[in-house]
Amino acid sequence: MSDEQHLDANVPGNPAYHFTILPAGSPARVGWAKRGPMVPGASLATRCVHAGVQPDPAYGAVMPPIYLSSTFAFRDVCTNAGYDYTRSGNPTRAALEEAIAQLEGGSGATCTTTGMSAVTLVLNLLPAGSHILSTIDCYGGTFRTLEHLKGAAGLKVTYLDLGDLAAVRQALEQETALVWIETPSNPLLRLTDIAAVAALARARGALTVVDNTFLSPVLQRPFEHGADLVVHSTTKYLNGHSDVVGGAVVAAPGRTALLQRIQSMNNLLGTSQSPHDCFLVLRGLKTLLLRMRAHEAGAQRVAEFLAAHPEVAAVYYPGLPGHPQHALAKRQQDGFGGMLSFELKRGTPERVNHVLRTLRWFTLAESLGGVESLVAHPASMTHASMTPEARKRAGITDSVIRLSIGIEAPEDLLADLGEALGSLPQ
Ligand code: PLP
């Protein structure tokens, strides 16, 4: 039976237009997928919109359906449509994985329930007793997991300022299996030269992992600098609307064996992301480029405002020419991002708390990367899981205030900060 036999209705009064309804199972339905899943050579703006997405072969839905089914029927013994059980694979998740892999320029990705499950997945790739070199001011949850695995899996961890390449060279041991980079770091926005550290790691046979949560692939693509794996908390910029927790691990181009290992580890650990949450992150990706530009424009204005304010002792933002790694930021990144931290002159708890309590447009909350601006106190919130000694070593004092700049009008944010700083207790 040919598809053309299924003429169903004409447009009334206009016989030139005939509607053809393709029957279920028609091979022509697959013809909707004109582009194929890859968008080679397309610019980042185009990839944000189209990567991983093509009209659904069943009905031509422009956005991928949310395949909530936990299980998939076999057509016959050992014959199915590529999916059998949602923990191991799901079409909605596959669309998001393809999209993130294309944005990062990787060979593929696997999406997880949270950013922390993405971190855990990567650490589970290592044999017991492996040595890890980690940035000293990694995210508090990553620090807590590394500390846990020291006991549980016998991992050995050295925390280091990865900006000090001589120290990195010295700290790399024969059995170092992995170097953990977070750049810019949280909350002090220190940078690591990915290319330099990845080259040292490669020479020792160690994998380089970059947590790219703070910048997203719009502003930094670690594979272009030699990383082996990229990790994301998609909870942050990739989703961008503060209504999902999620994570992703992406393998470098050409690393198919590594890709298979991260995919099967996600299945093994049972950390794969729910189809509904994948759909939301995929929707968020479409505006990622626009949002990142707005976050960054606002952050630059806020950083300059704070740097000139008489009550402010220090501003940590790579977009300021005075940032010690401003040149590296320009070289390694395509922008400076939407995160910054600052310290008050006389940063007593009373004065710090005044700022945290007084701001109107900045919500006092954990997390970052959403469309709304947030303020956080790392010592009591995001980095409370670090020991006081570890915080001290990382330079995270009790007076550091972290801002995640949303996409509101920068003038409103400046006015808000101006009011809070102008009414500080003396
Ligand atoms: N990596 C970074 C840099 C983060 O900031 C966070 C969370 O704040 C995580 C990982 C963990 O992500 P999640 O909260 O989605 O588990």
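Does residue 322 qualify as being open to solvent by 20 Å² or more (accessible area, probe 1.4 Å) and over 22 Å from residue 419 (Cα atoms)? The answer is yes for residue 322. Scanning the stretch 354-369 finds one or more residues that are more than 16 Å from the ligand (Cβ to nearest atom), open to solvent by less than 10 Å² (accessible area, probe 1.4 Å), out of contact with any Ser or Thr (no Cβ under 8 Å at 6 or more places or on another chain) and modelled with pLDDT of 95 or more. Every condition in (1) more than 16 Å from the ligand (Cβ to nearest atom); (2) buried (at least 16 other Cβ atoms within 10 Å of the Cβ); (3) acidic (Asp, Glu) is met by residue 137 except one, and the failing one is (1).
So, residue 117, is that one away from the ligand (no atom under 14 Å from the Cβ) and polar (S, T, N, Q) or not? Criteria not met by residue 117. For residue 266, the conditions (1) within 16 Å of the ligand (Cβ to nearest atom); (2) assigned to a loop (DSSP other than H, G, I, E, B); (3) in contact (Cβ under 8 Å) with a residue 40 or more places away in the chain all hold with the exception of (2). Whenever a residue of the stretch 160-184 is under 23 Å from residue 337 (Cβ atoms) and among the charged types (D, E, K, R), its partners that are open to solvent by 10 Å² or more (accessible area, probe 1.4 Å) and modelled with pLDDT under 95, lying with C-beta atoms within less than 6 angstrom and at least six residues away or across chains, give the pairs 161/136.
Within the stretch 345-359, does at least one residue satisfy the condition of being among the hydrophobic types (A, V, I, L, M, F, W, C) and either in a loop (DSSP other than H, G, I, E, B) or within 18 Å of residue 243 (Cα to Cα) (or both)? The answer is yes; a qualifying residue exists. The condition of being out of contact with any Asp or Glu (no Cβ under 8 Å at 6 or more places or on another chain), crowded, with 23+ Cβ neighbours inside 10 Å and modelled with pLDDT of 95 or more does not hold for residue 334.
Of all residues in the stretch 44-69, those satisfying the criterion of being more than 26 Å from the chain's Cα centre (by Cα) and of a type in the set (Ser, Thr, Tyr) are 59, 69.
The values are calculated or read from the model by the stated rules, or taken from the named source; none is laboratory data. Keep in mind that what you see is a predicted model, and the values were worked out from it rather than measured. Neighbour counts run over all protein chains shown; Cβ positions are idealised from the backbone, glycine included. Just the protein is used for accessible areas: all its heavy atoms, side chains included, with ligands, DNA and RNA removed. Shrake-Rupley method; radii C 1.70, N 1.55, O 1.52, S 1.80 Å.
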